2 protein chains.
Amino acid sequence: MQTLHQFQDSFESYLLYNHFVGTPIELYEPANYILKIGGKRLRPALLLAGHYLFEDDFSPSLPAAFAVEVFHNFTLVHDDIMDAAPLRRGMPTVHQKYGLSTGILSGDVMMILAYEYLLKCPTKKITEVLKSFNRMAIQVCEGQQMDMNFETQAAISIDDYLKMIEYKTAALVATALEMGAKLGGADDEDARLLYEFGRNLGIAFQLQDDILDAFGDPSKVGKKTGGDIAQNKKTFLYLKAIELAPASVADQLKGYFTNSLPIEESEKIQSVLTIFRALKVAEEANRVKEEFWQKALDAIGKISSPTDKKTILINFAAALMQRDF
Amino acid sequence: MQTLHQFQDSFESYLLYNHFVGTPIELYEPANYILKIGGKRLRPALLLAGHYLFEDDFSPSLPAAFAVEVFHNFTLVHDDIMDAAPLRRGMPTVHQKYGLSTGILSGDVMMILAYEYLLKCPTKKITEVLKSFNRMAIQVCEGQQMDMNFETQAAISIDDYLKMIEYKTAALVATALEMGAKLGGADDEDARLLYEFGRNLGIAFQLQDDILDAFGDPSKVGKKTGGDIAQNKKTFLYLKAIELAPASVADQLKGYFTNSLPIEESEKIQSVLTIFRALKVAEEANRVKEEFWQKALDAIGKISSPTDKKTILINFAAALMQRDF
């Protein structure tokens, strides 16, 4: 087994037998809908791979993998409401398709169903796994609130930003891996190291996402660049630019990011990108990204599992970092 | 210990030391706000009383009691969004005070925090308690969705209605008692009987609420009567009236409840009440209420706990049923 695909495939098979069949269907149909419109199943695949590092038969981790995927999709349903997003993966979002109330309530029941699946873990592991999961779930909410605060918050440090993306994005990746490790019988130190691998990888991934959104090749990224700038998102690039820029340029940037200057969107994007280039913030982001990426590699290097098993995760992480899509 | 008040007081003391102190405060302040603006703490008090039936020292159940109260308040926060309610207990609702996004997200984190407190239960009991809690949490969501469906659903049977109030209201009361019983060391049969006590009492309570909303003494109920009618709520009274009325009167009622007749609210309420009186639906509701109330008493009668301990719950149930407030 050399790639993450086989874990993704195992999970997809499990998913076929685990769509929600309860009543009223108005509650469960949106949950099945959001789960079916896709996603790459990376989080559950990572959980299974985490288990496999310590034990070949990773099937006892399938319910926990499902729980993690359902939880992730619950956050998408509620986040899309908060962002008033009409589309997700090219399809109508749940609240757009089924209404606000059903969007809230279906999300709620998905979160509860995630716990229901965690209770299907081997009995001796349940408490430990639930503790990891809960800490993560709280961090995801805190990260989302921080992200919302940033929209109106005047001063945001790079550290604030890194904590936000750690909580909002990296915590779930790290916890999925850690839960798999614990279910696979890892000792505390190995489980902690795998968590660190996921946490650092998740942060590196988000930094790369920031860079690609501004400077990626549109034909490879699959969307127009500059979306974050258009939406006034205070990414690493923006925050670093504010930090490095002379006062007048910083004021200009702040003007662009509060839409207080009367210019067209495309012109705004180009002007901001020009400032970003002049200040070399992408290079800075890349440097920080590499630091996290290196920490991820260091952590996984110390794990006691066989190298050929660890290679699956290392290759996956490398592919994630080399992508220019 | 002769009344539920002492359990309520014990819980209030626990609450003083368990407000949420995390960051960002924008996430936790709304959670503290909704918990602080009140409520009678009946559900946690019932959980503690359930424990006390089987063991004098009910303190190991305090975290579970807190979990149940936090969960209840989470449902209030999200329900108030779905109902677009501006006020709760005379105070602004969370979404009204803090905005829609924070309302959704604070509710989410409250649900997770409920699980966090369940993990503070004695280790040997955690899985069992979580299973009860999860079944209840799912039923509460299903009951809420049924209630929303009823707004536009043409044909609703009395059985549909009873199932809806069981899930939306009674399940939490029953589960609080059952969780307390299990934490107090009750055997399966006693825990089941206490659940049945709570389930039947909860349904009886809701039926009484329907009756009082239409026919209660406004000076004792503390609000104008006819609120359910004004809001076109399809209560037991309405559904029974549709069942019993001749076709022409049933059509008239349906007209009132779709606001398709051009009359003033007070006139609508009086006309509907006149129909309710003519069809004696309050008497019918009272008869069904008494059946559930009797089933509740039968169930608690069979529990193996000392009579003086059971008296606390029996007296509480009697007070609930005799109230004309």
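The values are calculated or read from the model by the stated rules, or taken from the named source; none is laboratory data. All values reported here derive from a predicted model rather than from experimental measurement. Here the Cβ positions follow ideal geometry from the backbone for every residue, glycine too, while neighbour counts run over all protein chains shown. We work out accessible area using only protein heavy atoms, side chains counted, and drop any ligands, DNA or RNA first. Shrake-Rupley method; radii C 1.70, N 1.55, O 1.52, S 1.80 Å.
Return the whole-Å distance between the Cα centroid of segment B:81-151 and the Cα centroid of segment B:152-170.
Each part reduced to its Cα centre gives a spacing of 20 Å.
From the convex hull of the Cα coordinates of segment A:189-304, what is the mean projected area in square nanometres?
Numbers: hull surface 33.1 nm².
Projected over every direction and averaged, the Cα hull of segment A:189-304 covers 8.3 nm².
Which residue, B:Pro60, B:Pro246, B:Pro122, has the most motion in a Gaussian network model of chain B that connects Cα atoms within less than 10 Å?
Ranking B:Pro60, B:Pro246, B:Pro122 by mean-square fluctuation puts B:Pro246 first.
If you take the square roots of the eigenvalues of the alpha-carbon gyration tensor of segment B:1-95 and sort them as a ≥ b ≥ c, do you get rounded (a/c under 1.5), prolate (a/b over b/c) or oblate? Intermediate results must be reported in sequence, preceding the final value.
Values: a/c = 2.52, a/b = 1.79, b/c = 1.41.
It is prolate, given that a/c is not under 1.5 and a/b is the larger ratio.
Give me the log10 of I(q) over I(0) for segment A:9-52 at q = 0.24, 0.34 Å⁻¹, as the Debye formula computes it from C-alpha points; what are the numbers?
The Cα Debye sum returns log10 ratios of -0.87, -1.19.
What are the label-to-label distances in nm, one decimal and shortest first, from B:Pro92 to the same spot in the other copies, with labels 7 Å along Cα to Cβ?
Those label-point separations list as 3.3 nm.
Let me see the pair-distance distribution of the protein assembly as shown: every alpha carbon pair, 20 Å bin width, integer percents in order.
Pair shares across the bins are 17, 46, 29, 8, 0.
Please give the charge dipole size of chain A, origin at the Cα centre, charges +1 on K and R Cβ atoms and -1 on D and E Cβ atoms. Round to the nearest 20 debye.
My answer is approximately 240 debye.
How high is the relative contact order of chain A, in percent, counting Cα pairs under 8 Å that sit 6 or more residues apart?
20
Show me, for segment B:91-102, the HN-Hα J-couplings you get by feeding each phi into the Karplus relation (A = 6.51, B = -1.76, C = 1.60, θ = phi - 60°), rounded to Hz, glycine and proline as x.
For segment B:91-102, the Karplus curve yields 10, x, 5, 4, 5, 5, 7, 10, x, 4, 4, 5 Hz.
Given a Förster distance of 45 Å, report the FRET efficiency between B:Ala250 and B:Lys223 from their Cβ-Cβ distance, rounded to the nearest 0.05.
Numbers: r = 28 Å, r/R0 = 0.62.
Computed FRET efficiency for B:Ala250 and B:Lys223 comes out at 0.95.
Have a look at B:Ala181, B:Ala64, B:Ala31 and tell me which one the Gaussian network model of chain B (Cα, springs below 10 Å) gives the largest fluctuation.
Result for chain B, Cα springs under 10 Å: B:Ala31 fluctuates most.
Using a Cα-Cα cut-off of under 18 Å, which lysines could be cross-linked to A:Lys295, ignoring same-chain neighbours fewer than 8 residues away?
The reachable lysines, counting only those whose Cα sits under 18 Å from A:Lys295, are A:Lys163, A:Lys310.
For segment B:187-325, what does the relative contact order come out to in percent, with C-alpha contacts under 8 Å and a separation of six or more?
Relative contact order here is 43 percent.
Need one value for B:114-122: mean number of C-beta atoms belonging to other chains within 10 Å of its residues' C-beta atoms.
Details: counts 0, 10, 6, 0, 3, 5, 0, 1, 0.
Counting other chains' Cβ atoms within 10 Å and averaging over B:114-122 gives 3.
Kindly provide the Kirkwood hydrodynamic radius of segment A:1-186 in Å, to one decimal, from all pairs of distinct alpha carbon atoms. Numbers along the way, then the final one.
Details: mean 1/r = 0.0587 Å⁻¹.
For segment A:1-186, the Kirkwood estimate is 17.0 Å.
Give the distance, in whole Å, between the Cα centre of segment B:279-325 and the Cα centre of segment B:1-42.
28
Counting only residues 5 or more places away or on other chains, whose amide H sits under 5 Å from the amide H of A:Arg88 once H atoms are built in the peptide plane?
For A:Arg88, the qualifying residues are A:Thr93.
For B:Lys302, which inter-copy label distances result when the label point lies 7 Å beyond Cα on the Cα-to-Cβ vector, reported in nm to one decimal and in ascending order?
Values, ascending and in nm: 5.9.
Once the Cα atoms of helix B:62-82 and of chain B are each reduced to a long axis, what angle between those two axes, in degrees from 0 to 90 to the nearest 10, is obtained?
30
Please report, to one decimal in angstroms, the Kirkwood hydrodynamic radius of segment A:104-242 built from all distinct Cα-Cα pairs. Provide the component values of the computation, followed by the final result.
On the way: mean 1/r = 0.0595 Å⁻¹.
By the Kirkwood definition, the hydrodynamic radius is 16.8 Å.
For the A and B pair, go ahead and give the buried accessible area with a 1.4 Å probe, both sides summed, in Å² to 100.
What A and B bury together is about 3400 Å².
Could you work out [θ]222 nm for chain A from helices alone, using -39500 (n - 2.57) per DSSP H run of at least four and dividing by all its residues? Round to the nearest 500 deg cm²/dmol.
On the way: 17 runs with 235 residues, N = 325.
So the calculated ellipticity at 222 nm is -23500 deg cm²/dmol.
Ignoring ligands, DNA and RNA, what percent of the accessible area of the protein assembly as shown is carbon or sulfur (1.4 Å)? Spell out each step's value before the answer.
Numbers: 13930 of 26960 Å².
About 52 percent, which is the carbon plus sulfur part of the accessible surface.
Rounded to the nearest whole Å², what accessible area per residue is found for chain B with the 1.4 Å probe? Present the calculation step by step, with values, prior to reporting the outcome.
Working: 13470 Å² over 325 residues.
About 41 Å² of surface per residue is accessible.
What chymotrypsin sites (Phe, Trp or Tyr not before Pro) in segment A:6-53 are in a loop by DSSP, with at most 15 other Cβ atoms within 10 Å of the Cβ?
A:Tyr17
Please report the projected area of segment A:66-110's Cα convex hull averaged over all directions, in nm². Walk me through the numbers before you get to the answer.
Numbers: hull surface 11.4 nm².
The orientation-averaged projected area of the Cα hull of segment A:66-110 comes to 2.8 nm².
Averaged over its residues, how many other protein chain Cβ atoms are within 10 Å of peptide B:133-143's Cβ atoms?
On the way: counts 2, 6, 2, 1, 7, 8, 1, 4, 13, 8, 2.
Neighbouring Cβ atoms belonging to other protein chains average 5 per residue here.
Compute the Cα gyration tensor for chain B, then decide on rounded, prolate or oblate, letting a ≥ b ≥ c be the square roots of its eigenvalues: rounded whenever a/c is under 1.5, prolate when a/b is larger than b/c in the other cases, and oblate in all that remain.
Working: a/c = 2.08, a/b = 1.38, b/c = 1.51.
Because a/c hits 1.5 or more and a/b fails to exceed b/c, chain B counts as oblate.
Say a label goes 7 Å from Cα toward Cβ at B:Pro218 in every copy; what distances in nm does this one have to the rest, shortest first?
Spelled out, the distances from B:Pro218's label point are 6.5 nm.
Are there any GluC sites (Glu not before Pro) in segment A:249-288 that are in a DSSP loop and have at most 15 other Cβ atoms within 10 Å? List them by number. Numbers along the way, then the final one.
Details: sites: A:Glu264, A:Glu265, A:Glu267, A:Glu283, A:Glu284; in loops: A:Glu264.
Answer by residue number: A:Glu264.
Please tell me which of these pairs span more than 28 angstrom C-alpha to C-alpha: B:Lys36/B:Lys168; B:Lys97/B:Lys168; A:Lys97/A:Lys131; A:Lys97/B:Lys120; A:Lys40/A:Lys182; B:Lys97/B:Lys223?
Numbers: B:Lys36/B:Lys168 23 Å; B:Lys97/B:Lys168 25 Å; A:Lys97/A:Lys131 34 Å; A:Lys97/B:Lys120 39 Å; A:Lys40/A:Lys182 23 Å; B:Lys97/B:Lys223 24 Å.
Exceeds cut-off: A:Lys97/A:Lys131; A:Lys97/B:Lys120.
What is the gain in length, in nm to one decimal, between B:Arg135 and B:Ser271 on full extension, counting 0.36 nm per residue of separation less the C-alpha to C-alpha distance? Don't skip to the end; give the middle numbers.
On the way: separation 136, 0.36 × 136 = 48.96 nm, distance 4.11 nm.
That pair, B:Arg135 and B:Ser271, stretches by 44.9 nm at full extension.
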